Every structure is written in structure tokens, then in C-alpha cells.
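The numbers here are math on the coordinates, done by the rules we state, and not lab data. Remember, it's a predicted structure, so these values are computed and weren't measured experimentally. Virtual Cβ from ideal backbone geometry, glycine too; neighbours counted across all protein chains shown.
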Amino acid sequence: MSDTTPGPHVLISENLAGMRPDLVARYPRCRFTAVPDAGPLLPDYFDAEVMLRSSMGEEMFDGILANAPKLRWVQITAAGFDWVGGELFQRRLAEGLLYTRSPHSYNVPIAEYVIASALLHARAFPALREAQDRHEWVRLVARDFIGSTMLVFGTGSIGGEVAWRARALGARAIGVNRGGGAVEGFDRVVPAGEARTVLPEADWVVLAMPLTPENRYFFDAEHFAAMKESAVLINVGRGALVVEDALVDAVTSGTISGAVLDVFEEEPLPAASRLWGLPRTMVTPHTSFRAAGNINRLYEDFCANFDRFLAGGQPVGAMRQPDLGY
């Protein structure tokens with residue numbers, strides 16, 4: 001883009017409007033328009049070429065897709081793609097629309113959440129909290145995190161952030177991915193088909209992969225049966241990765257030591273859900289990704305990709321295997 005050529009028109013979700021002054025200053029030849037989540041749908045949006053989408057509702061998003069023929073690229077402020085779809089969206093993808101996620105925005109807080117969860121259980125904080133509620137002075141022997149093994153399902157950007165933090169604290173990090181190919185930061189990586197063979201080694205089992213048609217409900221009773229009795233499941237991926245009945249049985253029977261659950265098949269988690277009352281289990285309201293630094297990371301992620309787009313390059317974070325949904 002030359003110094004005199006107008007830049008593309010960029011739509012940004014209303015909840016990201018605070019970025020607009022910085023974006024205008026950084027890209028003075030581009031036009032940035034904040035779009036409300038639920039309308040009205042304005043003709044001013046229809047010449048847009050780029051969209052940074054966050055909380056925008058499906059009706060508004062579909063309205064723009066249907067009326068903005070120049071739209072070439074949409075970046076979402078999310079770590080995964082499983083919540084997007086629809087016939088119109090699929091048609092625009094087939095016509096060449098590029099759809100990317102924010103590849104680095106949530107890795108840090110999610111990885112910190114995982115490590116914090118493991119350390120809380122290692123230091124017996126759930127049991128100590130229960131003793132506090134009983135006003136009971138107990139002497140519990142904590143587990144060492146150093147020397148333990150963390151098994152991470154999903155060796156992408158989030159899993160990688162988890163792995164190096166675990167290793168920095170003296171734990172071993174084993175990764176699980178589709179093909180079993182080596183990934184930097186992990187001590188070793190095994191293919192998903194062999195996951196049950198390494199589950200007996202794990203003190204912490206972390207689910208950090210996207211939800212796809214092939215892995216829905218994959219973590220079942222057989223997986224729990226292969227885990228150590230002292231192991232803890234930490235799910236920061238998606239709730240539907242796990243068979244809920246198998247999880248409940250594994251925790252209540254003592255097959256595993258406990259669980260930390262941040263994601264659920266139905267969200268918000270209904271008040272009547274039995275998951276709230278599971279023993280030795282921490283339930284958090286899909287909050288592992290929330291942190292004060294996110295807005296800065298989202299901004300930098302978008303700008304890095306926008307620079308590539310303006311230079312005629314390919315933004316990163318696109319679906320690697322669209323047929324599998326990630």
C-alpha cells in the first residue's frame with residue numbers, strides 16, 4: 001500500500017472500540033468502524049474488507065457477510081473455531097474468505113491457570129479449605145510438583161505455554177497430538193491413539209485441545225481407568241471433550257484424585273448440575289482465559305496479522321484442517 005492509497009475499511013466489535021484510537025493512529029490511512037453486537041445493520045458496513053470480531057451476534061455477523069462482498073478477512077478474538085458456522089459462513093469460506101483466530105492472546109492466562117490448578121492440588125489447598133470450613137487444625141503432607149509428570153492433550157500454542165511452565169518448575173511434560181510428531185517444549189509427544197498407554201505416568205492430565213467431530217466425548221471411562229488414583233484432570237479445552245458420566249464416576253469413586261473444570265458442554269453451567277458438588281473438584285465459570293493483559297495481546301495479535309495483510313502476506317491463525325474444524 002503506497003503512502004497515498006487509502007487503506008481498507010475495518011469493522012471492529014463494539015466491545016473492542018477502545019482499541020480504535022490506537023488503530024487509527026497506527027494505520028492513519030485506514031478506516032475503523034465499531035459495530036454494535038445486535039444492530040442496526042447499516043450500509044456503512046458494506047464496503048468493509050476486514051473485520052475484528054469479538055462479541056458480535058450471529059444475526060449481525062450474517063447480515064454483514066450477506067451484504068459486504070469486499071470482505072476478505074475476519075479475525076476472531078477466540079482461541080478456537082468450534083463456536084462459528086452456518087450455511088452463509090461456509091459459503092463465504094468456500095468463496096475465499098479468510099477466517100483466523102487470535103493465536104497468542106489467551107495462551108498466557110490459560111497456561112497460568114493450569115499451573116495454578118496443579119499447584120493448588122499439589123499443596124492440598126482443596127483439603128485445607130475443607131478443614132478450614134470445619135474449623136479443624138489438620139496436618140497434611142503436600143505432594144511435590146517437582147518431579148511430577150504433566151500430560152497435555154493438545155500441543156498447540158496453549159499446550160506449549162503449559163509445557164514450558166511445567167518444566168520450569170521441575171515437572172516433566174508429555175504431549176498428545178494427532179500424529180505424535182515432536183513439538184518443541186515437550187519432553188516427548190505421543191499420538192492420540194496411544195494416549196491410554198501414557199496416562200498411568202501422569203500426575204496431571206490437561207485437556208487443551210480444540211473440540212472437533214473426531215474428539216467429541218473422547219475422554220471416557222477407559223481413559224479415567226488408566227489414570228493414577230492420585231492424578232488430577234484439568235480441563236481448559238471444551239466440556240464436550242469429556243464424557244460427563246465417566247468424569248462423575250471417576251471422581252466420586254476415587255478412581256482419580258480430583259478435577260479442575262473451567263469449560264462445560266452447557267454454559268453457563270446450570271445451578272442444578274451435579275458437577276458443582278463433585279468432591280475434590282474445582283468448578284470455575286470459563287474464566288481461565290480472562291486476564292487484564294488480554295486487550296493488549298488481542299491488539300498486538302491483530303496488528304501483526306493486519307501488517308501481513310497490508311503487505312500482501314497471509315495472516316496467521318487460520319484453520320489448519322477445516323474438515324476437522326480447527
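Quick notes on this one:
- The DSSP beta bridges internal to the chain are antiparallel in roughly 0% of cases.
- Rounded to 10°, Cα long-axis angle of helix 107-122 versus longest principal axis of the chain: 10
- Our helix-only sum for the chain, with -39,500 (n - 2.57) per DSSP H run of n ≥ 4 divided by its residues, gives a mean residue ellipticity at 222 nm of -9000 deg cm²/dmol.
- Highest-MSF residue in the chain out of Pro285, Pro43, Pro69 [GNM, Cα springs under 10 Å]: Pro43
- Three-way shape call for the stretch 207-301 based on the alpha-carbon gyration tensor, with the a/c threshold at 1.5: prolate
- Given +1 at the Cβ of Lys and Arg, -1 at the Cβ of Asp and Glu and no other charges, the dipole of the stretch 166-230 around its Cα centre is 140 debye to the nearest 20.
- The stretch 1-66: translational diffusion in µm²/s, Stokes-Einstein, Kirkwood Rh over Cα pairs, 25 °C, 0.890 mPa s: 200
- Couplings 3J(HN,Hα) for the stretch 293-298, derived from phi with the Karplus relation 6.51 cos²θ - 1.76 cosθ + 1.60 (θ = phi - 60°), are x, 4, 4, 5, 5, 4 Hz, where x marks Gly and Pro.
- Charging the Cβ of each Asp and Glu at -1 and of each Lys and Arg at +1, and nothing else, the dipole of the chain about its Cα centre rounds to 780 debye.
- With K and R counted +1 and D and E -1, the other residues having a Cβ less than 10 Å from that of His9 yield a net charge of -1.
- Across Phe186, Phe218, Phe264, mean-square fluctuation computed from a Gaussian network of the chain (C-alpha pairs under 10 Å connected) peaks at Phe218.
- Cα extents for the stretch 1-142 along the principal axes, largest to smallest and rounded to whole angstrom: 71, 37, 26.
- Of Arg129, Arg290, Arg308, the one that fluctuates the most in a GNM where the chain has Cα springs shorter than 10 Å: Arg129
- Residues with amide H under 5 Å from that of Leu98, placed H, sequence gap 5 or more: Trp73, Val74
- The label-point distance for Leu42 and Ala17, in a model that sets each label 7 Å from Cα toward Cβ, rounds to 1.0 nm.
- Among Leu11, Cys303, Leu98 the positive-end extreme of the charge dipole of the chain (Cβ point charges): Cys303
- For the stretch 59-142, relative contact order (Cα pairs under 8 Å, six or more residues apart, normalised by length) works out to 26 percent.
- Relative contact order %, the chain, counting alpha carbon pairs below 8 Å whose residues are six or more apart: 14
- Computed log10 I(q)/I(0) for the stretch 85-233 at 0.09, 0.12, 0.17, 0.20 Å⁻¹: -0.36, -0.60, -1.00, -1.22, from the Debye equation with unit scatterers placed on every C-alpha and solvent omitted.
- Relative to the longest principal axis of the Cα atoms of the chain, the long axis of helix 157-168 lies at roughly 40 degrees.
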